[in-house]
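Have a look at the structure below, then the notes.
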Amino acid sequence: MTLELDGKRAIVTGGGTGIGYAIALELARNGVSVAITSRRQDVLEAAAERISADSGSKVLAVTADTGDDASVQSLVERVVAEFGGIDILVNNAAEQPAQHGSSYLDADDDWFQRQINVKVIGYLRTIRAVAPHLIENKWGRIVNIGGTASRRTASVIGSVRNASVTALTKNIADELGPHGINVTVVNPGPTRTERYIELEKRGDVTPSNILGRVIEPEEVAWVVAFLASPRSVAITGDGIFAGGGVPDSIYY
């Protein structure tokens, strides 16, 4: 089964490292022209070169901050000018850690507001900027990256921001569905990103999923690539968990 992605055009926010990089690489390997964004130009340019060399697809590195509306508008204008349009948006930009400390007392007001601004309102900003182009296409895919903290008490900020992404996803899906646009949320668990490796070296993480091993970034990317493709037409408004399975709990 091919994903029928060849010739599509995508934006992946937070695409310079970790899960975002893996998603951009997988899309590019499937023939998608990909724009990757973050606030670090040097990281972006190096990532774009690697992805392009691996896939042969066109890769554009654009410095952008999803916490700033003017920056998001500029990003979308640049991508449309370079690619001629947009078909796919993957919202992945977020700052880590979600919260410095696990107690509700550690939910600092300023940091909380920054996290919501970047990951929740930031996702909405990018959707608002991209959606008119998808509506014009009469087709599109929006994949929001959340996290398994949407269903567990990891930290106040971590749980709230991921639960908010789930609610955002469903609202946007209901509104954009009649235009041929599917909107989903993918919730990774602990994934072997650069940050995870650093925590692993300090002994601060242990696999807590059904598989008993940490998930690799490309394993999340495979899920996202399917959801970004025409093959995912029957799935919209829902969340897909890609963390290796949550033990014990049953969800309806």
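Scanning the stretch 83-105 for residues that are at pLDDT below 95 and among the charged types (D, E, K, R) gives a single hit, E95. In the stretch 95-128, what residues are of a type in the set (D, E) and not in a loop (DSSP other than H, G, I, E, B)? The answer is D106, D109, D110. Of all residues in the stretch 158-197, those being among the basic types (K, R), under 23 Å from T17 (Cβ atoms) and touching a residue at least 60 places away in the same chain (Cβ under 8 Å) number 2.
The single condition from (1) surrounded by fewer than 23 Cβ atoms within 10 Å (Cβ to Cβ); (2) more than 18 Å from T191 (Cα to Cα) that R152 fails is (2).
Considering the stretch 198-208, the residues that are closer than 18 Å to G18 by Cβ and surrounded by 11 or more Cβ atoms within 10 Å (Cβ to Cβ) include one that is modelled with the lowest pLDDT, namely P207. Regarding V160, is this residue crowded, with 22+ Cβ neighbours inside 10 Å, in a helix (DSSP H, G or I) and either of a type outside the set (K, R) or at negative phi (or both)? In short, no. One residue stands out among those in the stretch 126-149 that are surrounded by fewer than 24 Cβ atoms within 10 Å (Cβ to Cβ) and basic (K, R): the one that is farthest from V79 (Cα to Cα), which is K138. Pairs meeting the criteria (first residue in the stretch 211-236 and closer than 18 Å to G177 by Cα, second residue of a type in the set (S, T, N, Q) and surrounded by fewer than 20 Cβ atoms within 10 Å (Cβ to Cβ), beta carbons under 7 Å, at least 6 apart or on different chains) are F226/S232.
Quick check, is N182 closer than 12 Å to I142 by Cβ, part of a strand (DSSP E or B) and modelled with pLDDT of 95 or more? So N182 fits the description; yes. Residues of the stretch 31-64 that are among the polar types (S, T, N, Q) and either touching a helix residue (DSSP H, G or I) at 6+ places or on another chain (Cβ under 6 Å) or crowded, with 24+ Cβ neighbours inside 10 Å (or both): S33, T37, S38, S55, S57, T63. The residue that is nearest to A94 (Cα to Cα), among those in the stretch 1-53 that are part of a loop (DSSP other than H, G, I, E, B) and hydroxyl-bearing (S, T, Y), is T17.
When D248, D174, D204 are screened for being out of contact with any Lys or Arg (no Cβ under 7 Å at 6 or more places or on another chain), of a type in the set (D, E) and assigned to a helix (DSSP H, G or I), only D174 passes.
Checked against (1) modelled with pLDDT under 95; (2) more than 15 Å from the chain's Cα centre (by Cα), T193 passes all but a single condition, namely (2).
Residue count for the stretch 129-157 satisfying the condition of being more than 14 Å from the chain's Cα centre (by Cα), β-branched (V, I, T) and outside any helix (DSSP H, G or I): 1.
Figure legend. Inter-residue proximity from the stretch 6-24: first residues within 14 Å of L75 (Cβ to Cβ), second residues crowded, with 24+ Cβ neighbours inside 10 Å and of a type in the set (K, R), beta-carbon distance below 9 Å, spacing 6+ or different chains. Indicated pairs: A10/R141.
The values are calculated or read from the model by the stated rules, or taken from the named source; none is laboratory data. Being a predicted model, the structure only gives us computed values, none of them experimental. Reconstructed Cβ throughout: ideal geometry from the backbone, glycine too, with neighbour counts over all protein chains shown.
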